[in-house]
């Protein structure tokens, strides 16, 4: 996709943006920058403020305080049609009486693009999303995934520097969603200058597409980082439970020891007490004697004897195709283990031992863990 618009308006910056409805704050002092060409996912539960943040960029809501920038332009007071952004929502919003090519051309005509230029821009956008062969069809003649491709083509036809995607795959079934994720990833590679703000509550979408993920909850930004960092080394219990899946176990730090790692850096390891069991884990900067939360991903928990052994009773077994998920009661705490290729499925009530490696655990500052029984479900 060519043209200078992306170079001028790419990138988004929230400068302490707050939004309130009737005295109720729904977005609280958001500071966040989306770099030019970056895909930033806003991930969080319903009511976390993520859609409000996107609507503030689009111009559909006015901040009570703070400023919104597109590139180096302050657009806080500009109406939506003057911001030069593309937007795709979950319900497609195609005009049913218009053919595909006319739907894609709609934004170009509204922006008074030269009439002779429109057919080329429409063809270019449809080619990008793989819908060139469907230009003369009506939306009712398309599948849900095809309709969403047309909606994306319409947003891209105006050559935006910023593309806003608001739960764009939520109306699709699992198979179509997987295919569209691959298409969006391809589009990102082909449009390296376009900044994308992607709102979702789906962890897989965020982990698959985003360069960085901003984790939202209760109207505030809770965490931000690359998918790998947030998944492997979450900084808070909320991040650990919402980005991926986690066992969150309450522990007390018994002692810590500083050691020199292979890279010359200082690593802090120690022993924590979990339900009367001593476990060896990296303790980071959590001091001895402090309460904390131990985070271990279910797929890193093994079955049988090993380091950091946890013995308990199986309370539930779920077959998930390529894996079995075991739920094990360990002295009143439910621990999950995702295990591949179990030839014999354990029975409810069986006594088993789980284990995990010290380097696969993360110690988090103590707080209120989501869910009950010391772990986050899902």
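The values are calculated or read from the model by the stated rules, or taken from the named source; none is laboratory data. Keep in mind it's a predicted model, so treat the numbers as computed, not measured. Neighbour counts are summed over all protein chains in view; Cβ atoms, including those assigned to glycine, are modelled from backbone coordinates with ideal geometry.
Of note:
- Subset of the stretch 359-378 [exposed (fewer than 13 other Cβ atoms within 10 Å of the Cβ) and modelled with pLDDT of 90 or more]: 359
- Restricting 221, 187 to residues that are closer than 23 Å to residue 47 by Cα and assigned by TED's automatic domain parsing to the domain that holds residue 84 narrows the list to 221.
- Looking only at the stretch 274-290, and only at residues there that are in contact with a strand residue (DSSP E or B) (Cβ under 8 Å, 6 or more places away or on another chain) and loosely packed, with under 14 Cβ neighbours inside 10 Å, the one that is nearest to residue 238 (Cα to Cα): 285
- Count of residues meeting criterion [modelled with pLDDT of 90 or more and in contact with a helix residue (DSSP H, G or I) (Cβ under 8 Å, 6 or more places away or on another chain)] in the stretch 246-270: 3
- If the condition is being over 34 Å from the mean Cα position of the chain (by Cα) and part of a helix (DSSP H, G or I), then the stretch 110-130 contributes 115, 116, 117, 118, 119, 120.
- Only a single criterion out of (1) under 30 Å from residue 362 (Cα atoms); (2) in a helix (DSSP H, G or I); (3) at pLDDT 90 or above is not satisfied by residue 221, namely (2).
- A count restricted to the stretch 186-202 and to residues that are in a helix (DSSP H, G or I) and either touching a residue at least 40 places away in the same chain (Cβ under 8 Å) or loosely packed, with under 13 Cβ neighbours inside 10 Å (or both) stands at 4.
- Verdict on residue 123 being surrounded by fewer than 21 Cβ atoms within 10 Å (Cβ to Cβ), touching a residue at least 40 places away in the same chain (Cβ under 8 Å) and either on the phi > 0 side of the Ramachandran plot or in the same structural domain as residue 187 (by TED's automatic domain parsing) (or both): no
- Test: residue in the stretch 289-304 that is part of a loop (DSSP other than H, G, I, E, B), at pLDDT below 95 and under 17 Å from residue 253 (Cα atoms): yes
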